[in-house]
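Q: Sharing a structure below in structure tokens format, with a few things to ask.
The values are calculated or read from the model by the stated rules, or taken from the named source; none is laboratory data. Quick caveat: nothing in here was measured; it's all calculated off a predicted structure. Cβ atoms come from the backbone with ideal geometry, glycine included; neighbour counts cover every protein chain shown. The protein model used for the area step is the full one, side chains on, heavy atoms only, and it has no ligands, DNA or RNA in it. Shrake-Rupley method; radii C 1.70, N 1.55, O 1.52, S 1.80 Å.
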Amino acid sequence: MKLRCPLCGREYSEPVQRCECGEPVEFETFHGEPYIGKSVWERFYDFWPVEPALEFSLGEGDTPLVKSRLGEELGIKLYLKNETVNPTWSFKDRGTFLAMSYALKAGYRTVGTVSTGNMAASVSAYASRFGLKAKILVSESASEEKLNAVGAYGGDVIRVCGDYGRLYFESLKLGEKLGVYFINSDNPFRIEGYKGIAFEIAEEVSPDYVLIPTSSGGLFRGIAKGFIELYESGLIDNLPKLIAVQAEGCSPICRAFHEGEEKVERFENPKTIAKAIANPYPPSGNAVLKLLREFGWECVAVSDEGIRKAQERLAREGLFVQPASATGIAALEKLDLPEGAKVVSILTGSGLRTLKEAQTGKVMECPLEGLEKCLR
């Protein structure tokens, strides 16, 4: 088991989560070939750092790649990677499952995470599935609606009062002391689990561009690592151009990228409807920034108005997603893509967790006697 820091290059032989320099670590690049198998875990067995505990799988991964009608309007071939059909409705389940497989093998009895949304629900659900205890740390402003959804799986929900920005690092420190394995946003096993998205896309289409809603940066790093490993293993001919997408109201990575900064700085006073990607100081921000520049990729920030419009357009295709998931579609309005380009947009999570903020259609009142008239 070898991990390295993508920023300073320091290597580790033990399963640490952060480098001494403060940046997240990642596993060495894996090489291999695909096999015949029912699940992505079986087909790409060579590419995982730990053996997936398939007996505890909830059916995460192998999500549909849907061709979108929106592509015809824009003169491109547009595909939607629908991660909302994962067991707890988001892409987080892929990383949670692989990290949980490691935690079980390593002998942990308790796992945890710092989250107020999709990741909290995912870790709570999979901890119950694996027979482990879960400690879910949330901010003092977390809504009761979200906390109820997390608590339903049986995890211990702990509302932490204080600086939420420090909580990520404090959880890792206390987890090491208390024997709790924290599966936070850029846990190295979590990053490995997200590679499956790249593998599944490559099985169906050779994209020119992949649009990735980006918050902490873990998802972007995972998909990037997946495509790089496929390319270095000779399984794809070219790397697609990856585009990190953020909301204008909280876009620390895009700001650093376009202003030529060496490091990502905290984004003050974030405000956006895309709360799932509103991380003002992303823990993997510098690692994403390095990837963008190294491979000539791009970062695009989109407005809340554009996000709402994209969310509505996706709903008209039968895909109701959270605002963060719609940012990739919103970015298409700002990109000058060549005619006929093959584009994949990652739909990261379901809109069913954000119903209070959703714009719904009108409900018509109709007496039974006048139903015929109402139906016309």
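Q: Taking a 1.4 Å probe, which of CYS8, CYS374 shows the most accessible area, and what order do the others take after it?
A: These residues rank, largest area first, as CYS8, CYS374.
Q: Under unit Cβ charges (Lys, Arg +1; Asp, Glu -1), what dipole magnitude, rounded to 20 debye, does the chain have relative to its Cα centre?
A: Using only the charged Cβ atoms, the result is roughly 780 debye.
Q: Let me ask something else. First compute the accessible area of segment 227-284 with a 1.4 Å probe, then give the percent of it belonging to carbon and sulfur atoms.
A: Ligands and nucleic acids excluded, carbon and sulfur give 42 percent.
Q: Might you work out the accessible area of THR116 for me, using a 1.4 Å probe with all protein chains in place, and round it to the nearest 10 Å²?
A: 40 Å²
Q: Same structure, new question: So what is the accessible area of the chain per residue, in Å², with the probe set to 1.4 Å?
A: 46 Å²
Q: Tell me which lysines have Cα within less than 17 Å of LYS133's Cα, excluding those fewer than 8 residues away on the same chain?
A: Filter leaves LYS105, LYS177.
Q: Return the carbon/sulfur percentage of the accessible area of segment 1-116, one whole number, probe 1.4 Å, all protein chains in place.
A: 48 percent
Q: How far apart, in nm, are the 7 Å Cα→Cβ label points at ASP62 and GLU333?
A: Rounded to a tenth, the inter-label distance reads 3.8 nm.
Q: On a 1.4 Å probe surface of the protein chains, which of ARG221, ARG129, ARG4 comes out largest in accessible area, and what is the full order?
A: Accessible-area ranking of ARG221, ARG129, ARG4, largest first: ARG129, ARG4, ARG221.
Q: Let me ask something else about it. Roughly speaking, what is the stretch gain from LEU368 to GLU28, that is 0.36 nm per residue apart minus the C-alpha to C-alpha distance, in nm to one decimal?
A: Fully extending the segment from LEU368 to GLU28 adds 115.8 nm.
Q: Straight-line reach from LYS263: which aspartates and glutamates have Cα under 12 Å away, leaving out those fewer than 8 places along the same chain?
A: Cα-Cα hits under 12 Å: GLU23.
Q: Take peptides 227-233, 297-303, 209-215 and line them up by average Cβ neighbours within 10 Å, highest first, as a rough protection proxy.
A: 209-215, 297-303, 227-233
Q: Ordering CYS366, CYS161 by accessible area with a probe of 1.4 Å, largest first, what comes out?
A: Ranked list, largest accessible area first: CYS161, CYS366.
Q: So what is the 222 nm mean residue ellipticity for the chain from helices alone, if each DSSP H run of at least 4 adds -39500 (n - 2.57) and you divide by all residues, rounding to the nearest 500 deg cm²/dmol?
A: -10500 deg cm²/dmol
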